[in-house]
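Below: one structure, written as structure tokens.
The values are calculated or read from the model by the stated rules, or taken from the named source; none is laboratory data. Note that the coordinates shown come from a computational prediction; the quantities given were computed from them, not determined experimentally. FYI the Cβ positions are ideal-geometry reconstructions off the backbone, even for glycines, and counts take in every protein chain you see.
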Amino acid sequence: MTGFSKLAKVESKLLLRDPSAIFSMAVPLFILVIFSGGTSPGDTALPSMSMTIAVGLVGLYMVPTTLATYRERGILRRLSTTPVSPGALLSVQLILQLVFALLASAVLVTVSVVIFQAALPARAVAMVTAFLLGTSAIFAVGLLIAATAASGRAANGIGVLLYFPLAFLGGLMQPKEAMPELLATIGEFTPLGLFRQAVHDAWSGAATQPLLLAIMAVYALLIGLVAARFFRWE
Amino acid sequence: MAVIEVNDLVKTYGRLPVVNEVSFSVEQGEIFGILGPNGAGKTTTVECAEGLRRPDSGSIRVLGLDPVRDGRELSHQVGVQLQESLLPENIKVWEALDLYASFYRAPKDWRELLEEWGLADKRQARFATLSGGQKQRLFIALALVGDPKVAFLDELTTGLDPAARRVTWELIKRIRTGGVTVVLVSHYMDEVEELCDRVAVFDRGRIVALDTPSNLISAVDADQHLRFRPLAPFDDALLMGLPGVVSVTRSGDRVIVTGRGDFAGAVTSALARGHVPVAELRVGRHTLDDAFVALTGRAFGTQETR
């Protein structure tokens with residue numbers, strides 16, 4: 001087997017052994033189960049929130065912690081003395097985390113629809129588009145944390161510290177209708193707020209808001225570029 | 001044949017030269033030591049040879065290749081164990097070896113390495129659960145899994161207990177037996193003395209001496225002491241005229257003979273000829289520590305801030 005596919009195989013085993021993977025899956029599932037008692041059949045708001053929580057935890061918590069730890073432990077440096085570049089490990093990690101976020105989202109959609117009578121996602125293509133653009137934007141923030149944090153522990157701390165205000169602003173702690181207007185407006189333009197709204201629109205069948213998709217794309221690109229520019233390999 | 005050739009290597013961080021016009025060459029099949037206190041430029045030099053750092057000036061050839069320009073090709077032919085490099089906590093021993101083997105064109109059979117390095121019963125163990133010695137053995141095995149021609153080992157036994165260090169030394173000797181040239185970075189005198197065919201002694205970014213450990217030690221031109229307790233009376237004149245002897249002094253029932261070169265042999269045979277039995281004979285033997293002090297005018301343990 002070539003270095004790249006073996007790397008993907010070993011890294012996916014490591015990902016599944018990481019307790020934070022279970023955490024990132026369990027928390028949104030728990031929220032879904034706890035609060036679904038208060039929703040009516042056909043609801044799509046709560047499922048969209050739970051999906052945003054899952055992707056937020058993967059992007060802001062797992063991505064930066066894993067990558068900064070790899071740097072801190074000298075794993076990226078050790079790889080650069082082999083024929084496989086540390087960039088390959090970085091790519092493999094981002095792809096695996098994306099796949100993990102996708103699987104977590106698929107589980108949440110299935111549980112919502114099958115167990116809690118949520119509506120089926122109304123527009124699949126719009127849903128996938130929202131997922132990909134939003135996940136890219138959130139991962140870019142995670143990558144920026146990984147790029148600048150001094151250690152794995154620091155990255156973990158920054159990720160958690162950033163997650164809570166972003167989750168609050170993004171309308172994941174309470175419906176945005178219940179938030180002060182200013183905060184709700186600001187929240188609409190945060191990565192998690194954009195993701196939640198775009199997914200909710202696609203799931204419920206509301207009209208796609210191209211502005212939301214465009215802002216997510218810009219976030220992904222700009223923050224991603226800054227992260228790449230400042231990424232330290234050692 | 002020279003496997004590594006370094007000429008006038010300079011590497012500067014900020015305005016501070018960390019490596020300053022260093023030149024040396026490593027011959028095929030030897031264990032070459034790079035010795036010096038912390039901050040002497042040892043690791044930086046080796047990292048330039050590994051292609052991890054770009055020299056400011058000077059040239060490096062490893063197996064005829066430029067570590068910066070031909071880095072990819074070179075990485076197939078060298079094995080590296082880095083100072084302060086770890087593995088993911090949850091990776092299993094066999095997974096790490098299997099993974100690293102997959103990086104190389106013509107890897108060794110990692111199952112054999114597992115046996116050879118005494119890790120067979122730790123095959124399924126996760127990295128975090130290994131002892132210090134086991135981790136180091138795994139790092140060496142990972143450095144060798146690509147079947148390299150040259151292995152760079154940096155501060156291999158730091159943090160190991162004396163028994164684990166001894167075991168590691170035996171294993172390093174075995175690497176050479178397998179035909180691999182070894183570059184060993186160390187700040188342990190005894191380690192270098194035990195293992196290396198030749199040693200470059202680094203101090204403040206420069207090589208202050210390069211020779212075999214025994215030549216470095218014997219080049220220390222300082223007085224040595226021979227102490228003993230005579231069991232029969234004798235006249236100091238018996239020893240004073242001997243070649244190399246500088247002085248004979250008495251302290252209580254002890255005699256201390258000071259001398260240079262191979263005076264100790266002359267003293268003991270003169271005592272035997274004069275029928276003077278002695279007890280508690282001690283020779284103050286020079287070590288690489290003495291060589292370092294003689295070369296730099298400083299004790300080895302003196303740490304420099306970078």
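The number of residues in the range A:168-193 being crowded, with 24+ Cβ neighbours inside 10 Å and in contact with a Ser or Thr (Cβ under 9 Å, 6 or more places away or on another chain) comes to 5.
Taking the conditions exactly as written (more than 14 Å from chain A (Cβ to nearest Cβ) and modelled with pLDDT under 90), does B:ARG165 satisfy them or not? When the stated conditions are applied, B:ARG165 passes them. The single condition among (1) assigned to a helix (DSSP H, G or I); (2) closer than 24 Å to A:GLY87 by Cα; (3) over 18 Å from the mean Cα position of the chain (by Cα) that A:ARG232 does not meet is (1). Considered as a group, the residues in the range A:178-232 that are more than 19 Å from A:SER50 (Cβ to Cβ) and polar (S, T, N, Q) include one that is modelled with the highest pLDDT, and that residue is A:GLN209.
Apart from one condition, B:ALA143 fits all of (1) more than 10 Å from every other protein chain (Cβ to nearest Cβ); (2) surrounded by 18 or more Cβ atoms within 10 Å (Cβ to Cβ); (3) within 23 Å of B:LEU9 (Cβ to Cβ); the exception is (1). Residue check: A:LEU120 meets all listed conditions (1) hydrophobic (A, V, I, L, M, F, W, C); (2) assigned to a helix (DSSP H, G or I); (3) surrounded by fewer than 22 Cβ atoms within 10 Å (Cβ to Cβ) but one, namely (2). Under the condition of being of a type in the set (Phe, Trp, Tyr) and more than 8 Å from chain A (Cβ to nearest Cβ), the residues counted in the range B:97-126 number 2. For B:ARG176, are the conditions met, namely being at pLDDT 85 or above, assigned by TED's automatic domain parsing to the domain that holds B:LEU114 and at negative phi? So B:ARG176 fits the description; yes.
Only residues that are closer than 14 Å to B:SER85 by Cα, in contact with a Gly (Cβ under 9 Å, 6 or more places away or on another chain) and surrounded by fewer than 23 Cβ atoms within 10 Å (Cβ to Cβ) were counted across the range B:110-139, and they come to 1. Hey, can you tell me all the residues within the range B:84-113 that are among the hydrophobic types (A, V, I, L, M, F, W, C), in contact (Cβ under 8 Å) with a residue 40 or more places away in the chain and closer than 16 Å to B:VAL180 by Cβ? Within the range B:84-113, B:ALA106 is the sole residue that qualifies. Criterion applied to B:ALA49, B:ALA40 was being among the small types (Gly, Ala, Ser) and over 28 Å from B:TYR104 (Cβ atoms), and the one residue passing it is B:ALA40.
With respect to (1) under 22 Å from B:ASP98 (Cβ atoms); (2) assigned to a helix (DSSP H, G or I), the lone exception for B:ALA163 is condition (1). Contact map, the range A:102-118: residues that are in contact (Cβ under 8 Å) with a residue 24 or more places away in the chain paired with residues that are of a type in the set (Phe, Trp, Tyr), Cβ distance under 7 Å, separation 6+ or inter-chain. Pairs shown: A:SER105/A:PHE131. How do the pairs read when you match residues in the range B:151-165 that are more than 22 Å from B:GLY39 (Cα to Cα) with residues anywhere that are of a type in the set (Phe, Trp, Tyr), using Cβ under 9 Å and keeping only pairs 6 or more apart or on different chains? Cβ pairs passing all conditions: B:ARG165/B:TYR188. Restricting attention to the range B:226-239, the residues being surrounded by 15 or more Cβ atoms within 10 Å (Cβ to Cβ) and not in a loop (DSSP other than H, G, I, E, B) number 6.
Listed by position, the helices (runs of 4 or more DSSP H) enclosed by the range A:1-89 that each have at least 3 residues that are away from chain B (no Cβ under 11 Å), within 20 Å of the chain's Cα centre (by Cα) and surrounded by fewer than 24 Cβ atoms within 10 Å (Cβ to Cβ) are A:19-35.
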